[in-house]
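Beneath this line is the structure, given in structure tokens, with notes to follow.
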Amino acid sequence: GVAMGMTAPVSITAFPAEDGSFQQKVKVSLRIPSQFQASPPCPTDESIKIEERQGMTIYSTQFGGYAKEADYVSYAAKLKAALGSDAAYRKDFYLCNGYDPPMKPYGRRNEVWFVKE
């Protein structure tokens, strides 16, 4: 019963298939606003879970435009190539982040994150 508004980034956890495309399973995460973090309201929809994301070190790349799955897959491949084989990061998932509302046509910000091991 509490309205919190939209937060940024909207973070999608992608679990890549062998060819780099998203598997059917993705997880969408939204940041709980600061004023609710100490005591978040309980979701009424049981498919919504509150999770605490621990601190992490990431490798990141940024790009603009209206991001689609193909864009995230492409930039994840570019980030992987830039890191080479020496960087230790989680290979079983990566994070796709969008920072802008749909009605913002210019100056959009999207990121792909690999979590450092």
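Given the protein chains as shown and a 1.4 Å probe, how many square angstrom of ARG109 are accessible, to the nearest 10?
Taking all protein chains as shown, ARG109 has close to 90 Å².
What residues qualify as long-range amide H neighbours of ARG108, i.e. H under 5 Å apart, gap of 5 or more or another chain, H built at 1.01 Å from N?
Amide H neighbours of ARG108, under 5 Å, 5+ apart: GLY65.
Given a 1.4 Å probe, how much area per residue of the chain is accessible, in Å²?
Ligands and nucleic acids excluded, the result is 70 Å² per residue.
Dipole of the chain, Cα-centred, from +1 at each Lys and Arg C-beta and -1 at each Asp and Glu C-beta, to the nearest 20 debye?
Here the chain has a charge dipole of around 260 debye.
If you average the alpha carbon positions of region 73-92 and of region 36-52, how far apart do those two centres end up, in angstrom?
So the two Cα centres are separated by 32 Å.
Within the chain, what whole-number % of the accessible surface is contributed by carbon and sulfur, with the 1.4 Å probe and all protein chains included in the calculation?
53
The values are calculated or read from the model by the stated rules, or taken from the named source; none is laboratory data. Nothing here was measured: the structure is a model prediction, and the numbers come from that model. All Cβ positions, glycine included, derive from the backbone under ideal geometry; neighbour counts span all protein chains shown. Accessible surface is based on the protein model in full, side chains and every heavy atom, while ligands, DNA and RNA are left aside. Shrake-Rupley method; radii C 1.70, N 1.55, O 1.52, S 1.80 Å.
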